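Just so it is clear, none of the values below were taken in a lab; they were calculated from the coordinates. Source: prediction; values computed, not measured. Quick reminder, even Gly has a Cβ in these numbers, built from the backbone with ideal geometry, and neighbours come from all protein chains shown.
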Amino acid sequence: MPNHTASHARKRELLIDAFLIDDNSDCYVIAEIGHNHQGDLEKAKELFRQAKECGANAVKLQKRDNRSLFTAAMYNKPYDHEHSFGKTYGEHREFLEFGMDEYLELKRYAAEIGITFFATAFDFVSANFLAELDMPAYKIASGDLKNIPLIKHVAQFQKPVIVSLGGGTIEDAQRVYDAVMPINPRLAFLHCTATYPTVAEEINLRVITTLRERFPEIVIGLSDHYNGIAMAVGAYVLGSRIIEKHFTLNHTWKGTDHALSLEPIGMRRMVRDLRRIRLALGDGVKRVYPSEESAMFKMGKSLVAARDLPRGHRLTWQDIAIKSPAQGLPPFEIDRIIGKTLRHALAADEPILFEDIGEVSE
């Protein structure tokens, strides 16, 4: 398949606040809070604090202008079930929505504790709302993958734009790329399966490789809806440098996202594993580490005398044993000493060294 991207001269990297995301960096971890704060500002601040303590780089909310976003029929649709915060879907959404006062307080608090804060813009009004707050980055949800007018509008803010690709094809991703890059090259794609939660059989992590090959100039990540932390590490190994994961304080709280969100203990472990895997991948050079030397001396083998051997003896296979520890010649040298003469006698199990063999002077 031909690559429709532009020149490959641009390096694959994305700067969000002071964090440079590239192929050599740690994974940029976004704790997706969404509306797990349940419309409670203090819960939102506690989620921010816990995400920071877990090691996440950023926290993210979702911003909707509900009246303009939904049709009247959808806004007024009855929404009466265990996760509802209102009698209609519109009432439910309005209950969960934060306004300017809450966003200003959360922006102040995020700066105070040292975590990046941004949000998903679901519509033009919300995008402009977030722009007024000078958000450091913008997220586009999978549901807006085909909403090129909104994506181009957000791209014009000249901040990083992170787009989830759930429910889409490579052609959908290409359409977004072609629309955004001429406006703003600070683009990242998150591979995503828009199923909540996602089963392992439908995560298809190899799409990360496909995206990295198709779009060599932009950072690729994973919006992870799997119910666990294992997929994040696999994604990092394949080249994902952003992981977005839903975050809550309690799986049992009211709301549809809590069940598939990580609690703090899970988020902490995921971040820990992601930091470790960067170190564990190393540089690809096979080497011997000093920490290995003790074990390799104990477990390794060397060539030793199979029995007491006199001075002047010509070595045969029967004269040589391969035993631990590794204190003499390694076994691969055996062909170099077969047929050679001993300069001096060797006792059984004594290592055979090159200086032990050669011409015997009278």
Would you tally the net charge around Val233, using a Cβ to Cβ cut-off of less than 11 Å, leaving Val233 out, and scoring K and R as +1, D and E as -1?
+3
Choose one answer from Phe98, Phe189, Phe48: the residue with the largest mean-square fluctuation in a GNM of the chain with alpha-carbon springs under 10 Å.
Phe98
Over region 14-133, how many percent of alpha carbon pairs lie in each 5 Å bin up to the one with the longest distance?
2, 11, 19, 20, 18, 13, 9, 5, 2, 0
Work out how much length Glu202 to Leu353 would gain on full extension: take 0.36 nm times their residue separation and subtract the Cα-Cα distance, in nm to one decimal.
48.5 nm
DSSP bridge pairs, the chain: antiparallel proportion in percent, nearest 5:
30 percent
Under the rule a/c < 1.5 gives rounded, and otherwise a/b versus b/c splits prolate from oblate, where does region 13-281 land using the Cα gyration tensor?
rounded
Most mobile of Ala326, Ala232, Ala73 per a Gaussian network model of the chain (Cα springs, under 10 Å)?
Ala326
Compare the peptides 17-24, 173-180, 116-123 by average per-residue count of other Cβ atoms within 10 angstrom and give them in order, highest first.
116-123, 173-180, 17-24
Roughly how many nanometres apart are two label points built 7 Å out from the Cα toward the Cβ at Met296 and Asn24?
2.6 nm
When the chain is modelled as a GNM with alpha-carbon springs shorter than 10 Å, which of Lys139, Lys323, Lys152 fluctuates the most?
Lys323
Counted charge near Leu222, where neighbours are those whose Cβ lies closer than 11 Å (Asp, Glu -1; Lys, Arg +1)
0
Treating region 290-356 as a set of equal point scatterers at the Cα positions, no solvent, please give the Debye-formula log₁₀ I(q)/I(0) at q = 0.11 Å⁻¹.
-0.24
Filtered hits (lysines, Cα-Cα < 30 Å from Lys52, offset >= 8 within chain) -> Lys11, Lys43, Lys60, Lys63, Lys107, Lys139, Lys159, Lys245, Lys254
When only C-alpha pairs under 8 Å and at least 6 residues apart count, what is the relative contact order of region 13-281, in percent?
21 percent
